[in-house]
1. If I ask for residues that are free of Cβ contacts under 8 Å to residues at least 60 places away in the same chain and crowded, with 16+ Cβ neighbours inside 10 Å, which ones from the range 14-30 would you list?
2. Tell me, which residue of the range 32-51 that is of a type in the set (A, V, I, L, M, F, W, C) and modelled with pLDDT of 95 or more is nearest to Thr114 (Cα to Cα)?
3. Using the structure shown, decide if Phe11 is surrounded by fewer than 16 Cβ atoms within 10 Å (Cβ to Cβ) and either at pLDDT below 90 or in contact with a Ser or Thr (Cβ under 8 Å, 6 or more places away or on another chain) (or both).
4. Condition first: among the aliphatic types (A, V, I, L, M) and out of contact with any Cys (no Cβ under 6 Å at 6 or more places or on another chain). Now tell me which residues in the range 134-166 satisfy that.
5. Those residues that are assigned to a strand (DSSP E or B) and either in contact (Cβ under 8 Å) with a residue 60 or more places away in the chain or of a type in the set (Val, Ile, Thr) (or both), I need them from the range 66-80; list them, please.
6. Can you name the condition, by its number, that Phe103 falls short on among (1) modelled with pLDDT under 95; (2) closer than 17 Å to Ile204 by Cα; (3) surrounded by fewer than 23 Cβ atoms within 10 Å (Cβ to Cβ)?
7. For the subset of the range 163-176 comprising residues that are out of contact with any helix residue (DSSP H, G or I) (no Cβ under 9 Å at 6 or more places or on another chain) and assigned to a strand (DSSP E or B), which member is surrounded by the fewest Cβ atoms within 10 Å (Cβ to Cβ)?
8. Within the range 81-93, is even one residue touching an Asp or Glu at 6+ places or on another chain (Cβ under 9 Å), assigned to a loop (DSSP other than H, G, I, E, B) and either over 23 Å from Ile204 (Cα atoms) or modelled with pLDDT under 95 (or both)?
Amino acid sequence: MKYEVLYQGAFALLRVGLNRGEKVKAESGAMVSMSPTIDLTGTVDGGLMRGFGRMLSGEKFFFQEMTAARGNGEVLLAPAAMGDIQSIELDGSYTLNVQKDGFLAGSDSIQVNTKMQNLAKGLFSGEGFFIVEISGRGTVFLSSYGAIHAINLAPGEEVIVDNGHLVAWPSYMQYSIEKASKGWFSSITSGEALVCRFRGEGVILVQSRNPASFGSWVKQFIPAR
């Protein structure tokens, strides 16, 4: 499978080239265009339980599966939100935790599941009780709201991230939820409230815009009834 991310930044588009017999799966509704040699089908991918699990995490129940059935072909894919697309190569040695709506597409060999967080993280992380967990060997394409930035942590190094800006992080990294400031009043009035503290080694992907903050900004322009 060959691929290229076009128009990186706010309005990224993913171009995937498939040889005959190759497949790519994507979130439902992601297909922009495809060659006539490609068959498009809807699939639950992993059965009903995995489908329901993805719904709990904020993902869609069905996937799109595109197969180059009658020769080589090309597919264009786009996320629903304005933002970037980042490719990740998984070697099977770890799983990738992804925010809801963060999965765009991937090789047919990867598995997209859900993972239940503990009570505290589920209530306060901003991601809910379920997050997306991607495993296997192959290429994963993640989408974001805004540009994607990688934060590289050395062993023992820490960073604090606003949970609304999280995109993805490896499952072997330790993280905790805490107040943004020492006191609750200061945390709330700062506009940050709760944040995630990560400890390295590892790479965290963050997005340059916060969907919740954007929603609050838009709301001020909507006339009240």
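1. Gly17, Leu18
2. Looking at the filtered set, the residue picked out is Leu40.
3. Numbers: surrounded by fewer than 16 Cβ atoms within 10 Å (Cβ to Cβ): yes; either at pLDDT below 90 or in contact with a Ser or Thr (Cβ under 8 Å, 6 or more places away or on another chain) (or both): no.
Answer is no for this residue.
4. The initial filter retains those residues of the range 134-166 that are among the aliphatic types (A, V, I, L, M), namely 134, 140, 142, 147-148, 150-151, 153-154, 159-161, 166.
Within the range 134-166, Ile134, Val140, Leu142, Ala147, Ile148, Ala150, Ile151, Leu153, Ala154, Val159, Ile160, Leu166 qualify.
5. Filtering the range 66-80 for residues assigned to a strand (DSSP E or B) gives 66-68, 73-77.
Passing the criteria: Thr67, Val75, Leu76, Leu77.
6. For Phe103, the failing item is (3).
7. Taking the candidates together, the pick is Gln174.
8. Pass one, the range 81-93, residues touching an Asp or Glu at 6+ places or on another chain (Cβ under 9 Å): 81.
With the extra rule that they be assigned to a loop (DSSP other than H, G, I, E, B), the set shrinks to 81.
Retained after the next criterion (residues that are either over 23 Å from Ile204 (Cα atoms) or modelled with pLDDT under 95 (or both)): 81.
Yes, because at least one residue in the range 81-93 is touching an Asp or Glu at 6+ places or on another chain (Cβ under 9 Å), assigned to a loop (DSSP other than H, G, I, E, B) and either over 23 Å from Ile204 (Cα atoms) or modelled with pLDDT under 95 (or both).
The values are calculated or read from the model by the stated rules, or taken from the named source; none is laboratory data. From a predicted model like this one, the values you see are computed outputs, not experimental measurements. Every residue, glycine among them, receives a Cβ derived from its backbone with ideal geometry; neighbour counts consider all protein chains shown.
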